[in-house]
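The values are calculated or read from the model by the stated rules, or taken from the named source; none is laboratory data. What you are looking at is a predicted structure, and each value in this text was computed from that prediction instead of being measured. Glycine gets a Cβ as well: all are built from the backbone with ideal geometry, and neighbour counts include every protein chain shown. Ligands, DNA and RNA are stripped out before the accessible areas are found, and what is left, the full protein with its side chains, is counted by its heavy atoms. Shrake-Rupley method; radii C 1.70, N 1.55, O 1.52, S 1.80 Å.
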Amino acid sequence: MPVVDTDVLIVGAGPVGLTAAAELRRHGAHCRIVDRLPARLPYAKAVGIQPRTLEIWDRMGMVREALDAAVPMRGQLLYSDGADQGRIDFRLPPEVPYGFAALPQYETERVIEEHLARFGTGIERGTELVSFKQDTDGVLSRIVTVDGGEEEVRSRFLVGCDGAHSIVRKSLGLSFEGGAFPEEYMLADVEVDWSLPSGYGVRVMHHGDDGAVDDLLVCIPLPGRGRYRMSMMVPPELSAARKPAGEQGIGDGVAHGLENGRRSPGIEHIQAVLDRLSPEPTTASAMRWSSVFRISHRLVDKYADGRVFIAGDAAHIHPPTGAQGMNTGIQDACNLAWKLALTVRGAAHPRLLDSYDAERRPIGEEVVRRTVRHASEGVQADPGDFTTVMLREAQLLVAYPDSPIVGRGTPGLEGPGPGDRAPDCGGLTGGISAVPLRLYDLLRDRGHVLLLHADSADGLGVCGEVASAIRHLTDGQTTALVLLAPDAGTRDARGTTADSTGNGPGDAVADAGDTAQVVDYATDADGRHLPAFLDSRGEFARAYRTTGPAAFLVRPDGYLGARVAPLAVPGAVAALSEELARVFRL
């Protein structure tokens, strides 16, 4: 059998596998992505898109396409035992650039697949992983192709994004401890003609005499007029309890996900639930698909073994409460991909890949624990005020402060520190752009970015020296950007420079009415162009809680790898070098 070489073989072309492939290609690594299914499934399985996922897609350069296809999730309407319990509005702080969205999984996969195709990489469909073995240099996988032929694929790494019944996880012999919920549910994608406000999910509960929920309806809006993905309890005639004993289990004991159609609900089953629970009389129609599904909660004991990694449902499964599963898997893939790409290039610290399990497994553990709690007690059982709960559900509080590859935070220093999400901000002006930019505009489609904040002309000189040193240290693999405080050495409309130095901004201008300030560029210590932007409204300084010169190293996945303040040479270079040495082979 022929041997085909690639950097990374990805098994599974759902949202997680596609994200891994797209990020690998964006960072310059080669990969193949295979999926045993002959085509994308037309099911709206995972629907909710968290704000943090949209931020990741922004960094990848594909958020516009996702926003075009999605609909907003504005909140949830609550009903209990026939009574209106009010509504929850999904409000986030104004500095968060994206809100909650709903997008059917097949559309999510389409958007990422089309983004991946820009790099010349497509899905090898109808192709199944049969077995693999790894050695110190790589992984040899045996796959069966769509025409039934066998092929051996030699890759440096293997990533299993092949779902709850993952062959990659099973072949590694990893444990997948947890349990299953006894309840069964049915899903359906239908249209209804009610007059409830658009953009809101609907949750209706009925309690029995013992106080337990004995009937349930959950509706998530989808693109299209009056279209929802509905979830409800399975009626007795579709229950697994009525099946022959030999047909009730799933082969690997993991009772999670959609069934294969043997018990597919009809429109009459959906209408019966709506007749009992709908907040107002309505008729279901135009059903695209339906299925029965089960829910388990499990977590793998480790996310990697040698050169083989797992992500998404292959590593963690849990209740769909709060739309955490797919979004958590997408973050798994993003976290892993940039590290694999650096390793493939030979630029990574030898232990960089160890940080994938160290960073992501605690997140998976927390998500499983939280969603299981929410399934029985509701989101209101979470500690914290409403804003904190919303930020947590939006996955904006995910952080890696204990990661082995981020620096230690400075005691008493306010604002985001190493391991925290790099917040967005606006009001950044530059000489070419006629409108203010957002920080995420500057980070888009980049790798590691070093943000250098200067509050004076002298600070610009320090920024230039630090930028040169870090560029040399990382062999040009870190992009440096300068962010200037509003009064950090500008010149007026006549072109007279105030507080200028030979290493200052090339063209910092205040307009004749002093209503706007624009900065073209600065130079580093080698005289190279160094993009500079004016923090004209002070939003960066407020978001990052810095009042003086400082440096922030932003990783490719949008988390801070280091924060150095105050910024001074040579101390800043030494401090940043120490942190970069955790990631790069210096």
Leaving ligands, DNA and RNA out of it, report the carbon-plus-sulfur percent of the accessible area of the chain at a 1.4 Å probe.
-> 50 percent
From the backbone phi of the stretch 360-368, what are the Karplus-calculated ³J(HN,Hα) couplings (6.51 cos²θ - 1.76 cosθ + 1.60, θ = phi - 60°) in whole Hz, Gly and Pro given as x?
-> 8, 5, x, 5, x, 4, 5, 5, 4
Rg over Rh [alpha-carbon atoms, Kirkwood Rh] for the stretch 388-444 = 1.08
Distant alpha-carbon pairs in the stretch 265-304 (separation over 16 angstrom), percent = 56 percent
Using the Karplus equation 6.51 cos²θ - 1.76 cosθ + 1.60 (θ = phi - 60°), what ³J(HN,Hα) coupling, rounded to whole Hz, does each residue of the stretch 149-166 give in order, writing x for Gly and Pro?
-> x, 9, 8, 9, 10, 9, 10, 6, 9, 10, 10, x, 10, 9, x, 4, 9, 3
For the stretch 1-153, what size does the Cα cloud have along each of its three principal axes, sorted from largest down, in whole Å?
-> 65, 36, 29
DSSP bridge pairs, the chain: antiparallel proportion in percent, nearest 5 | 70 percent
The stretch 1-124: antiparallel bridges as % of DSSP beta bridges, rounded to 5, reads 60 percent
Return the ratio Rg/(2.2 N^0.38 Å) for the stretch 16-90, where Rg is computed over Cα atoms only.
-> 1.56
Taking the dipole about the Cα centre of the chain, with the C-beta of Lys and Arg at +1 and of Asp and Glu at -1, give me whichever of CYS31, VAL292, VAL47 is farthest to the positive side.
-> CYS31
Would you compute, from DSSP H runs of 4+ residues alone, the mean residue ellipticity of the chain at 222 nm, taking -39500 (n - 2.57) per run and dividing by the full residue count, rounded to the nearest 500?
-> -7500 deg cm²/dmol
Karplus (6.51, -1.76, 1.60) ³J(HN,Hα), θ = phi - 60°, over the stretch 125-137, in Hz, Gly and Pro reported as x = 7, x, 10, 10, 6, 9, 6, 7, 9, 10, 9, 5, 10
Check ALA102: other-chain or 5+ apart residues with amide H under 5 Å from its amide H, H built from backbone geometry?
-> ILE49, VAL71, MET73
So, by mean Cβ neighbours within 10 angstrom, what's the order for 463-472, 572-581 with the highest one leading?
-> 463-472, 572-581
How would you rank 438-446, 543-551, highest first, on the average number of other Cβ atoms within 10 Å across their residues?
-> 543-551, 438-446
Result for the chain: accessible area per residue, probe 1.4 angstrom, in square angstrom, of 41 Å²
Return the long-range amide H neighbours of TYR200 (sequence gap of 5 or more, or a different chain), with a cut-off of under 5 Å between placed amide H atoms.
-> ARG74
Given the alpha-carbon gyration tensor of the stretch 144-244, what are the semi-axes of its equivalent ellipsoid in whole angstrom, ordered largest first, with each equal to the square root of 5 times an eigenvalue?
-> 38, 22, 15
Stretch gain in nm, segment ARG110-GLU183, where the contour uses 0.36 nm per residue and the Cα spacing is subtracted = 23.1 nm
What is the packing order of peptides 6-18, 447-459, 176-188, taking the mean over residues of other C-beta atoms within 10 Å and listing the highest first?
-> 6-18, 447-459, 176-188
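Evaluate the Kirkwood expression for the hydrodynamic radius of the chain, namely the inverse of the mean inverse distance over all pairs of different C-alpha atoms, and round to one decimal in Å. Can you show the working numbers first?
Numbers: mean 1/r = 0.0389 Å⁻¹.
Value: 25.7 Å, from the Cα pair sum.
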